[in-house]
Amino acid sequence: MLAASDLILVVERRCDFRWPDPGGRIMTAGAYAAAGPGRPCRVINLCRHVDYLSAGYYTSLLAEARGDRVMPALRTLVDLADRHDLADSLADFNAGLAHLPPPPAGITQHTANIYFGRTPDAGLGDVAARVFQRLDCPLMRLTLVHADGRGWRIAGVAPLGLDAVPPAHDREFMNALEVHARRRWLRTRGPVAPAFTLAVLHDPADPLPPSKAETLDHLARVGADLGVRVEVIGRRDYRHLARFDGLFIRETTAVTHPTFRFARKAEALGIPVVDDATSILRCTNKVFLAEALAGHGVATPRTRLVTRATVAEVAASMNFPAVLKVPDGAFSRGVERVMDPDAFHRVAAALLARSEIILAQDYVPTAFDWRVGVLGGQVLFVAQYHMCPQHWQIVRHGADGSHEEGATRAVAVADTPPAVLTAALKAARLMGNGLYGVDLKQTATGEVMVIEVNDNPNLDVGMEDRAAGPVLWRRIIGHFLTAAGRVPMPGSTTLAATEHAALARLAAVRAAVA
């Protein structure tokens, strides 16, 4: 029996856990998703599938959104999916394999199961413990390869499903599970960011970049005035990232995208980075956003999580028109308005082919969305993004790949409704301390609702900065200097004269969300 009363073991299907249920702790991924936020608990994710947008992926994502302590963490799942970088990051463990004897003739590979840092394979106990400490994945398969003159080395690590635990290992598995369940779970500490020179990651082929090339030229001029060199880089510079002292990602981000690898590598190098990997993980998945915002009392349109098993139930509960969203959509892609139950079922089936969970949300028509840019916990800019003419979204995508954007109107912080600022700051705080664009709607009755929090908000000269002025760009540079432990240059954090009138109102907002 497990001593911990707050422990839940999540499996994909109840039959996957063939051992005695330790204290009634077993819960399926579907039941965990449907349970909603509650008293914080510890979650061990034992789902068979933990790849991107799978049931196991969503288990870890929902746990983190609800404030549960979960293993494996969401970042671990992403690390495990990047096999090449993972093997490189574990190369320092190869020295612990030097004592192993060479294999029989004709054998060059060996695999070993790891259960909570323990393995039945003699001679691999220390390495198994270190791999588990690094990755915090409950069940893993370690693959070793042998080459003459080089000895044994780690070729890869992959998550292991419960179905891959052989009966001969039943005792080792259950003992390892019970020992781990009784331990105190400690949070791992990330690398400390040292001082810094700013690289800006940009894709000139991106049709909807968060910052245009002329904006990056402007940022470079601002940086030069503050003693910071700004250099635009591309994906080919991944292996040269260590020569920079800071990374500003100005390319559309996604978990399954090179931008995430850049963010993770920057963090591993101790380089301040915007967007950081945690912000990308949280903001690019609308399921996480929905759970986190609801769990902390942030007003949003009525939102339901939809799975294949709950489509009919959710469709019957919705008002129409309604909005269906794939969790990792961006720039209005993967977001569909449905006018009736038949359209709901048709569109939901198509979206559920892409993701195990999608979202259904009440449709809230407004002429524009508020966008509040937040950097380091403070308002950076405010803008109104208007809907495209004759369209219900701010971006209209054509079948030929073309797109049309609605008008952008910058607004001074002093002229922004306090309720909009309050909601935006509270939502951004749940995501982290980086750069966010909080999208909100304000109804005719004055009700303010958060739609989403973007980790990679648009920033362009003459658009978002029109009200804030040059100080917007100085504050961005100053943010990196502060994160790097440098004393910001004079003028890099000073508010523009036009914003001084808003200081008293901002102080009241910060006090309200503290």
Can you tell me which residues in segment 36-64 are crowded, with 17+ Cβ neighbours inside 10 Å and of a type in the set (G, A, S)?
S54, A55, G56, S60, A63
Selection from segment 335-377 of residues farther than 30 Å from E12 by Cα, without any contact (Cβ under 8 Å) to a residue 40 or more places away in the chain and assigned to a strand (DSSP E or B) yields V338
Test: residue in segment 170-192 that is at pLDDT 90 or above, assigned to a loop (DSSP other than H, G, I, E, B) and of a type in the set (A, V, I, L, M)
no
Residue match in segment 27-34 (condition: out of contact with any strand residue (DSSP E or B) (no Cβ under 9 Å at 6 or more places or on another chain) and either without any contact (Cβ under 8 Å) to a residue 24 or more places away in the chain or of a type outside the set (G, A, S) (or both))
no
Would you mind listing the helices (runs of 4 or more DSSP H) fully within segment 413-514 where at least 1 residues are modelled with pLDDT of 90 or more and open to solvent by 10 Å² or more (accessible area, probe 1.4 Å)?
418-431, 471-483
Which of the residues belonging to segment 244-259 are in contact (Cβ under 8 Å) with a residue 12 or more places away in the chain and either outside any strand (DSSP E or B) or of a type in the set (D, E, K, R) (or both)?
F244, D245, R250, E251, T252, T253, A254, V255, T256, P258, T259
For segment 193-219, name all the residues that are open to solvent by less than 30 Å² (accessible area, probe 1.4 Å), at pLDDT below 90 and among the aliphatic types (A, V, I, L, M).
L208
On the basis of being open to solvent by less than 40 Å² (accessible area, probe 1.4 Å), assigned to a helix (DSSP H, G or I) and touching a helix residue (DSSP H, G or I) at 6+ places or on another chain (Cβ under 7 Å), does F132 make the cut?
no
Subset of segment 447-478, residues out of contact with any helix residue (DSSP H, G or I) (no Cβ under 8 Å at 6 or more places or on another chain) and among the basic types (K, R), comes to R466, R475
Count, please, the residues in segment 65-106 that happen to be within 16 Å of V255 (Cα to Cα), open to solvent by 30 Å² or more (accessible area, probe 1.4 Å) and touching a helix residue (DSSP H, G or I) at 6+ places or on another chain (Cβ under 9 Å).
4
Residues being in contact (Cβ under 8 Å) with a residue 60 or more places away in the chain, touching a Phe, Trp or Tyr at 6+ places or on another chain (Cβ under 8 Å) and of a type in the set (A, V, I, L, M, F, W, C): count how many of those fall in segment 103-136.
1
Over 19 Å from the mean Cα position of the chain (by Cα) and crowded, with 17+ Cβ neighbours inside 10 Å: is that true of V311 in this structure?
yes
Scanning segment 288-304 for residues that are in a helix (DSSP H, G or I) and either modelled with pLDDT under 90 or of a type outside the set (A, V, I, L, M) (or both) gives F288, E291, G295
Which one is surrounded by the most Cβ atoms within 10 Å (Cβ to Cβ) among residues in segment 220-233 that are part of a loop (DSSP other than H, G, I, E, B) and at pLDDT below 85?
L226
Being more than 22 Å from G376 (Cα to Cα) and assigned to a helix (DSSP H, G or I) narrows R264, R236 down to just R236
Suppose we filter T300, T310 for residues that are under 20 Å from L425 (Cα atoms) and touching a residue at least 24 places away in the same chain (Cβ under 8 Å); which single one remains?
T300
Counting only residues that are crowded, with 24+ Cβ neighbours inside 10 Å and under 14 Å from the mean Cα position of the chain (by Cα), how many does segment 260-272 have?
2
Out of the residues in segment 60-78 meeting the condition of being in contact with a Cys (Cβ under 6 Å, 6 or more places away or on another chain) and at pLDDT 90 or above, tell me which one is farthest from A277 (Cα to Cα).
D68
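The values are calculated or read from the model by the stated rules, or taken from the named source; none is laboratory data. Note that the structure is predicted; figures quoted are calculated from it, not measured. Note that each Cβ is placed from the backbone with ideal geometry, even for glycine, and that neighbours are counted across all protein chains shown. What goes into the accessible areas is simple: the full protein's heavy atoms, side chains included, and nothing from ligands, DNA or RNA. Shrake-Rupley method; radii C 1.70, N 1.55, O 1.52, S 1.80 Å.
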